[in-house]
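Below is one structure, written out as structure tokens, with a few remarks after it.
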Amino acid sequence: MALIVGPVARGDNFWDRPYILDDLWTNIESGTHTLLVAPRRVGKTSLMFRLLDQPKEDYIVLYLISESAQSANTFWEMLFEALTEDRFISTVKLKAKKIYDKLKTIRINEAGIKGIKFGESDSIDYARAFKEVLKSFDSDKKLVIMMDEFSQTIENIIKHESVQSAEKLLSVHRSLRQDPDIMGKVTFLYAGSIGLEGVVSSINALHSINDLNAVKVTPLESTEAKLFVEHLSKESAISIEADEIKYILKKIEWYMPFYIQLIVKEIQRLYRKDPTVTKEVINEAINNALENRQYFEHWENRLHVLSKNEKKFAKEILNIISEYKKLASKEILNIANKYKLDEKIMKEVLRSIVYDGYINNEIDAKVYRFNSPILRIWWYKNVAN
Ligand SMILES: Nc1ncnc2c1ncn2[C@@H]1O[C@H](COP(=O)(O)OP(=O)(O)O)[C@@H](O)[C@H]1O
Ligand SMILES: [Mg+2]
């Protein structure tokens, strides 16, 4: 296992997440469609690649990342391209030749630079073509279609194409999920780093995703986190004493694999100069990690799905917690009043920043704190001040 800080952790570099994978497979096996929405770098793509690389016996898994799509047509083209990718086709060819044949007949005209080109693209109804392909998917295996950064795609379509086009894409997906010919054969997994609910509710289309079941990406439990640090340091030939490992974990507190990888990587850098890992070295490694703006700024940018006053409200709460480490719910109510947010909206915003992994009120229901002390310090230095 190598230290991976940022890119998808795949193969040997994937640290097992058995509970989350179980949740995902439970949904897939019961025909439930999944929403896997969580902030960047909590490990969504790595989990999806695990499903792709090690599918259960009776499943064929398709992965699509459509972040760059700015129109519904581009989204569909990308989906068709993914369906005709060699890796996918080679599995399908053996087990479900029909889907491949169908794709070939839909693949009208020449293949262009970007892959499939539909003859008269305007007159081709991508959604219908896709439905036909899925209906003809006649195999003893079931299909899992994972769409990464789907919420970003919807947001792009709203911004660059039109609200109607985004609504149509969402409603076509809903109808695909409810189509009796497709149900039982295909399950969909929608992932995203920006809240899909937020994006979808901004165009009043929540009804189009309310059948999706949200799977949470939780941090590692403390025993797992300890094993992960031990394993990572051993594999990178860094020796860290038990006390110092404890100290690292105390500092990280919120055991998302990314934070563990990031800190161990910074320790490895310092280790090259002096191979003794002391508490001072760990503190220095954490300070160095905080210099990487690209690893943290999405936490600030992510708030852009909120409306102007909601965003000010959320920022103020986070600013205060980053300074004082905690904030009582009654104070939160006062801040909401300041921004003229009624109680319902206030609760929604609060729930979304809890759900998105900024803060929690687990120790005391009336008191909110940052999940990650590392993010708290970053926020304090870079956003609050
Ligand atoms: N299961 C895992 N095993 C090892 N590292 C992981 C795992 N999940 C996440 N990471 C760490 O988090 C980083 C981001 O993971 P990624 O799957 O790209 O997250 P997301 O798709 O949510 O942005 C990886 O580069 C790695 O450092
Ligand atoms: Mg990702």
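The values are calculated or read from the model by the stated rules, or taken from the named source; none is laboratory data. Quick caveat: nothing in here was measured; it's all calculated off a predicted structure. Cβ: placed from backbone, ideal geometry, glycine included. Neighbour counts: every protein chain shown. Surface accessibility is based on the protein's heavy atoms, side chains included, excluding ligands, DNA and RNA. Shrake-Rupley method; radii C 1.70, N 1.55, O 1.52, S 1.80 Å.
No other residue among Ser162, Ser139, Ser151 is touching a residue at least 24 places away in the same chain (Cβ under 8 Å), more than 16 Å from ligand 2 (Cβ to nearest atom) and hydroxyl-bearing (Ser, Thr, Tyr) apart from Ser139. Of all residues in the stretch 190-210, those satisfying the criterion of being hydrophobic (A, V, I, L, M, F, W, C), more than 15 Å from ligand 2 (Cβ to nearest atom) and not in a helix (DSSP H, G or I) are Ile203, Ala205, Ile209. On inspection, Leu327 passes the criterion of being surrounded by 15 or more Cβ atoms within 10 Å (Cβ to Cβ) and modelled with pLDDT of 95 or more.
When Ser352 is tested against (1) of a type outside the set (A, V, I, L, M); (2) touching a Ser or Thr at 6+ places or on another chain (Cβ under 6 Å); (3) open to solvent by 20 Å² or more (accessible area, probe 1.4 Å), only condition (2) is not met. Of all residues in the stretch 305-335, those that are closer than 16 Å to Asp356 by Cα, among the charged types (D, E, K, R) and in contact with a helix residue (DSSP H, G or I) (Cβ under 6 Å, 6 or more places away or on another chain) total 2.
When the test is whether a residue is away from ligand 2 (no atom under 16 Å from the Cβ), out of contact with any Asp or Glu (no Cβ under 8 Å at 6 or more places or on another chain) and at pLDDT below 95, Glu29 does not pass it. Restricting attention to the stretch 274-315, and to residues there that are open to solvent by less than 40 Å² (accessible area, probe 1.4 Å) and over 24 Å from the mean Cα position of the chain (by Cα), which single residue is nearest to Lys234 (Cα to Cα)? My answer is Val277. Scanning the stretch 365-385 for residues that are surrounded by fewer than 22 Cβ atoms within 10 Å (Cβ to Cβ) and assigned to a strand (DSSP E or B) gives Val367, Arg369. Scanning the stretch 2-26 for residues that are of a type in the set (A, V, I, L, M) and either modelled with pLDDT under 95 or closer than 19 Å to Tyr59 by Cβ (or both) turns up Ile20, Leu21, Leu24. Can you tell me which residue among Ser162, Ser171, Ser151, Ser175 is crowded, with 18+ Cβ neighbours inside 10 Å and assigned by TED's automatic domain parsing to the domain that holds Gln54? From the options Ser162, Ser171, Ser151, Ser175, the qualifying one is Ser151. Just wondering, is there one or more residues in the stretch 204-225 that are among the hydroxyl-bearing types (Ser, Thr, Tyr) and buried (at least 20 other Cβ atoms within 10 Å of the Cβ)? For the stretch 204-225, residues among the hydroxyl-bearing types (Ser, Thr, Tyr) and buried (at least 20 other Cβ atoms within 10 Å of the Cβ): present.
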